[in-house]
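Below you'll find the structure, written out as structure tokens, and then a few comments.
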Amino acid sequence: MKFRSTRNRASPASLSEAICAGQAADGGLFMPETFPEDAVQGAEGARDLAAFATAFLTPFFAGDVLEEALASICSEAFDFPLPEICLADDLSVLELFHGPTGAFKDFGARFLMACLDRLGDPAAPFTVLAATSGDTGGAVGCAAEGRSGLRAVILYPDGRVSPYQAHQLSCWGKPVTTLKVNADFDSCQKLVKSAFGDPGLTRRHRLTSANSINIARLLPQAAYLAFTSVRHQARTGSTPSLIIPSGNLGHGVAALIARACGAPISTIVLATNANATLHDWARSGRYMPRPSVVTIANAMDVGTPSNFERLEAGHPDSSGLIVVRVDDDAIRNRIRADHARLGYTWCPHSACGAEAYARLRQERRGQNWLIAATAHPYKFADIVEPVTGEAINPPATLSAVLDRPMQAEDCPADLAALTAYLDS
């Protein structure tokens, strides 16, 4: 299979070429030429997520140098639980936070790093740039630590992540380095894109991306969403509709890919925080990126979602998407209400999804719903505990991070500074 740029001005690439480049030569994002509608059918009956993902992703890896390694990549990446918790007759929660860094980004980061490590050369490693609004960087750092075929450079907006996230972003050993950028996430993301726009810099350091602009971040997400929808339908007899907290929009595009490949998914709802870009687009049809707004759901503080370019390209079909915008007061109220009523504790991002469900009274009639719970609430204890009045016990993997020392360097939000750092 070949992968084409959303801008259609670059030559088609193999999967490995698309993974290594991160972004197409024309500045666009890679997407598969086709979406095999029988991918889910070929994966049905798989015993677990790793086996399902191997079968589901085989058409995308066919003929690529990574094809023979796909099964081992999936086994390595998907080695933690993916529970589905029933909260009501028509509502379940897909807990995506049982990986080593307590966020759904573990799936994509571990998959991508496993691919790059197999493609890399210790004598000339890839440099993986990861702009993060909170969770991506921690997952990338954890997944990259100890590997020889790559090095990882994490850029995060200083002062715009939770205290726990700041620790988790900057505690990883070689070959991981963390840069604190005195700017917002959109500026970090723009800095990474600018680096890719410099051919000499890209060539010198074999730059690639760990953000969801990299197709190897979206494919594993599509795999677990397809697996979950098949499992849910088999268990309940109903085709699920998905509610996905959305910032940079990679998770939403992954859901569209899963559906295009035959996954039994009905409605897809994108739940955003106070950043209004996607919400306004859904209402007016006009895409108007803007500076990001700081919220308590900080991992979704994105005013210029990179993956909108994939959405705009219209392949896969994005018709029928619903976007619900949730402000900070509504997030706190939803955390409080569902903790009291259901005994369930949301992180601020997952609470956006729960609030979207509560507002879709008419749309949700006769449907069965799955909310993607994207992060463990402990990562946002400073926000959640004052609302619920109860302490959150961390899983062992998250508490162990606090024993690691923090190491982060200051970096201005300009390409010259990043270039100087990489060249040194």
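The values are calculated or read from the model by the stated rules, or taken from the named source; none is laboratory data. Computed from a predicted model, the values in this text were never measured in an experiment. Ideal geometry is used to build each Cβ from the backbone, glycine not excepted, and the neighbour counts take in all protein chains shown.
Couple of notes before you dig in:
- All positions within region 332-346 that are surrounded by 18 or more Cβ atoms within 10 Å (Cβ to Cβ) and among the aromatic types (F, W, Y): W346
- Of the residues in region 162-169, not one is assigned to a strand (DSSP E or B) and hydrophobic (A, V, I, L, M, F, W, C).
- Among the residues examined, R9 qualifies as among the basic types (K, R) and more than 23 Å from the chain's Cα centre (by Cα).
- Y344 within 28 Å of R231 (Cβ to Cβ), aromatic (F, W, Y) and more than 20 Å from the chain's Cα centre (by Cα): yes
- Once region 151-173 is narrowed to residues that are surrounded by 22 or more Cβ atoms within 10 Å (Cβ to Cβ) and among the aromatic types (F, W, Y), the residue that is farthest from P100 (Cα to Cα) is Y156.
- A375 being under 22 Å from T277 (Cα atoms), under 23 Å from the mean Cα position of the chain (by Cα), surrounded by 24 or more Cβ atoms within 10 Å (Cβ to Cβ) and at pLDDT 95 or above: no
- Checklist (1) in contact with a Gly (Cβ under 9 Å, 6 or more places away or on another chain); (2) surrounded by fewer than 22 Cβ atoms within 10 Å (Cβ to Cβ); (3) not hydroxyl-bearing (S, T, Y) applied to G108, failing item: (2)
- Some residue of region 385-398 being in a loop (DSSP other than H, G, I, E, B), out of contact with any helix residue (DSSP H, G or I) (no Cβ under 6 Å at 6 or more places or on another chain) and under 16 Å from G173 (Cα atoms): no
- Conditions (1) over 30 Å from G42 (Cα atoms); (2) basic (K, R); (3) surrounded by 19 or more Cβ atoms within 10 Å (Cβ to Cβ); number of the one not met by R259: (1)
- Condition check for T208: hydroxyl-bearing (S, T, Y) and modelled with pLDDT of 95 or more: no
- Number of positions in region 335-346 that are out of contact with any Pro (no Cβ under 9 Å at 6 or more places or on another chain) and either within 14 Å of Y357 (Cβ to Cβ) or among the basic types (K, R) (or both): 6
- Scan of region 187-242 for residues that are of a type in the set (K, R), part of a helix (DSSP H, G or I) and either surrounded by fewer than 24 Cβ atoms within 10 Å (Cβ to Cβ) or out of contact with any Leu (no Cβ under 7 Å at 6 or more places or on another chain) (or both), ordered by number: K190, K193, R203, R204, R231, R235
- Scan of region 269-304 for residues that are surrounded by fewer than 20 Cβ atoms within 10 Å (Cβ to Cβ) and either of a type in the set (A, V, I, L, M, F, W, C) or touching a Phe, Trp or Tyr at 6+ places or on another chain (Cβ under 9 Å) (or both), ordered by number: A276, D280, W281, A282, Y287, M288, P289, V293, V294, G303
- Considering residues of region 84-102 that are in contact with a Leu (Cβ under 9 Å, 6 or more places away or on another chain) and farther than 17 Å from T397 by Cα only, the residue surrounded by the fewest Cβ atoms within 10 Å (Cβ to Cβ): A88
- Some residue of region 358-372 being buried (at least 24 other Cβ atoms within 10 Å of the Cβ), within 24 Å of S292 (Cβ to Cβ), within 25 Å of the chain's Cα centre (by Cα) and touching a residue at least 60 places away in the same chain (Cβ under 8 Å): yes
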